[in-house]
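> Below you will find the structure I want to go over with you.
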Amino acid sequence: MIGYLEGIVLKNDGEGVLLLVNGIGYEIFLPEITSKSFKENEIGEKAGLFIYYHQTERQPVPVLIGFENEKDKVFFKKFISVEDIGVIKAVKALTIPVEKIVNAIETEDIKTLVSLKGIGKRTAGKIVATLKGKFSDFEVSGDSLQSDLLEDSYKKDFVGSVIDVMVTQLGHNVKEARQLISDVFKRNPDIKSPEDLLTEVYKKN
């Protein structure tokens with residue numbers, strides 16, 4: 001299973017990219033929330049994306065969806081659990097930041113939800129009914145120091161990939177992984193690699 005890809009951008013047409021990784025070119029679809037920031041990556045530059053891998057009997061050809069961070073990928077997986085929202089429809093619908101969509105779900109803001117491409121009132125109602133109350137992992141700690149540390153740590157390219165490993169392979173939820181990494185950066189803000197970060201996380205936990 002592909003969870004993260006990092007390589008050289010060979011093509012970027014606004015809807016997807018062709019990423020060269022170890023001699024193999026991967027075609028990756030991008031929702032608008034990703035493509036907006038991804039425009040900063042020029043052809044020939046290095047870039048990394050969190051990947052949602054989709055393949056079914058009806059869709060035997062694998063489809064790769066790329067996200068700028070692990071949080072958006074986690075949201076996407078919840079989003080496609082809603083009836084009538086398939087993978088491609090979900091990709092097209094993500095036109096505003098995930099935080100705003102989560103807030104709209106929790107506050108039953110149907111107006112904001114129907115502003116998403118391809119989402120009508122009926123589907124918006126299903127989104128609220130299915131997902132409201134299921135975003136505890138998206139809660140922000142009230143500890144301002146912790147928030148500042150996480151903000152800074154996310155500037156390091158490897159932090160997102162470490163969170164992805166902790167969530168998908170080591171049994172943590174997103175909130176717990178962020179807390180553990182925040183604690184590490186409080187103790188040692190000079191960590192330079194994902195290997196050192198993981199070692200430090202489990203050294204004291």
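The values are calculated or read from the model by the stated rules, or taken from the named source; none is laboratory data. None of these values were measured; they are calculated from a predicted model. FYI the Cβ positions are ideal-geometry reconstructions off the backbone, even for glycines, and counts take in every protein chain you see.
> Which of the residues belonging to the range 52-69 are crowded, with 17+ Cβ neighbours inside 10 Å and assigned to a loop (DSSP other than H, G, I, E, B)? Break it down stepwise before answering.
To start, the set of residues in the range 52-69 that are crowded, with 17+ Cβ neighbours inside 10 Å comprises 52, 54, 64-69.
Listed by number, the residues that qualify are GLU68, ASN69.
> For the range 74-95, indicate whether the set of residues that are charged (D, E, K, R) and either without any contact (Cβ under 8 Å) to a residue 24 or more places away in the chain or assigned by TED's automatic domain parsing to the domain that holds ASN173 (or both) is non-empty.
no
> Here are LYS111, LYS134: which of them is part of a loop (DSSP other than H, G, I, E, B) and more than 19 Å from GLU68 (Cβ to Cβ)?
Matching residue, one of LYS111, LYS134: LYS134.
> Going by the conditions given, is THR123 closer than 19 Å to PHE76 by Cβ, in a helix (DSSP H, G or I) and at pLDDT 85 or above?
Considered against the rule, which asks whether it is closer than 19 Å to PHE76 by Cβ, in a helix (DSSP H, G or I) and at pLDDT 85 or above, THR123 comes out as yes.
> Something else now. Just to be sure before I move on: is GLU57 modelled with pLDDT under 95 and outside the structural domain of LEU18 (by TED's automatic domain parsing) in the structure I sent?
So GLU57 fails the test.
For (1) among the hydrophobic types (A, V, I, L, M, F, W, C); (2) surrounded by fewer than 19 Cβ atoms within 10 Å (Cβ to Cβ); (3) under 30 Å from ARG122 (Cβ atoms), each residue gets a yes or a no:
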| position | (1), (2), (3) |
| --- | --- |
| ASN12 | no, no, no |
| GLY16 | no, no, yes |
| LEU19 | yes, no, no |
| PHE50 | yes, no, no |
| LYS71 | no, no, yes |
| LYS77 | no, yes, yes |
| ILE80 | yes, yes, yes |
| VAL87 | yes, yes, yes |
| THR95 | no, yes, yes |
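> Give me a count of the residues in the range 179-205 that are charged (D, E, K, R), within 24 Å of SER136 (Cβ to Cβ) and without any contact (Cβ under 8 Å) to a residue 24 or more places away in the chain. Show your work before the answer.
Narrowing the range 179-205 to residues charged (D, E, K, R): 183, 186-187, 190, 192, 195-196, 200, 203-204.
Filter once more, so that each one left must be within 24 Å of SER136 (Cβ to Cβ): 183, 186.
Checking the rest, the ones that are also without any contact (Cβ under 8 Å) to a residue 24 or more places away in the chain come to 183.
Summing the residues that are charged (D, E, K, R), within 24 Å of SER136 (Cβ to Cβ) and without any contact (Cβ under 8 Å) to a residue 24 or more places away in the chain in the range 179-205 gives 1.
> Next question, about the same structure. Have a look at VAL63, VAL91, VAL82, VAL87 and point out the one that is under 21 Å from VAL114 (Cα atoms) and touching a His at 6+ places or on another chain (Cβ under 9 Å). Step through it out loud before you land on a result.
Values: VAL63 fails: under 21 Å from VAL114 (Cα atoms); VAL91 fails: touching a His at 6+ places or on another chain (Cβ under 9 Å); VAL82 fails: touching a His at 6+ places or on another chain (Cβ under 9 Å).
Exactly one of VAL63, VAL91, VAL82, VAL87 is under 21 Å from VAL114 (Cα atoms) and touching a His at 6+ places or on another chain (Cβ under 9 Å), namely VAL87.
> Let me ask you something else. Hey, any hits in the range 26-33 for a residue that's buried (at least 18 other Cβ atoms within 10 Å of the Cβ), hydroxyl-bearing (Ser, Thr, Tyr) and either over 17 Å from the mean Cα position of the chain (by Cα) or part of a helix (DSSP H, G or I) (or both)?
Yes; the residues of the range 26-33 include at least one that is buried (at least 18 other Cβ atoms within 10 Å of the Cβ), hydroxyl-bearing (Ser, Thr, Tyr) and either over 17 Å from the mean Cα position of the chain (by Cα) or part of a helix (DSSP H, G or I) (or both).
> Further question: Taking the criterion of being more than 8 Å from the chain's Cα centre (by Cα) and on the phi > 0 side of the Ramachandran plot, would at least one residue in the range 63-80 satisfy it?
no
> Now, a different point. LYS46 - would you say it is over 23 Å from ILE163 (Cβ atoms) and not assigned by TED's automatic domain parsing to the domain that holds THR123? Steps first, answer last, please.
Numbers: over 23 Å from ILE163 (Cβ atoms): no; not assigned by TED's automatic domain parsing to the domain that holds THR123: yes.
For LYS46, the condition - over 23 Å from ILE163 (Cβ atoms) and not assigned by TED's automatic domain parsing to the domain that holds THR123 - is not met.
> Looking for whichever is surrounded by 11 or more Cβ atoms within 10 Å (Cβ to Cβ), among the charged types (D, E, K, R), at pLDDT 70 or above and over 29 Å from MET1 (Cα atoms) here; the options are ASP183, ASP152. Which one fits? Working first, answer last.
Details: ASP152 fails: at pLDDT 70 or above.
Just a single option satisfies the conditions, and that option is ASP183.
> Could you check the range 7-50 and list, in sequence order, the residues that are among the acidic types (Asp, Glu), at pLDDT 90 or above and more than 13 Å from PHE67 (Cβ to Cβ)?
Answer for the range 7-50, where residues must be among the acidic types (Asp, Glu), at pLDDT 90 or above and more than 13 Å from PHE67 (Cβ to Cβ): just GLU27.
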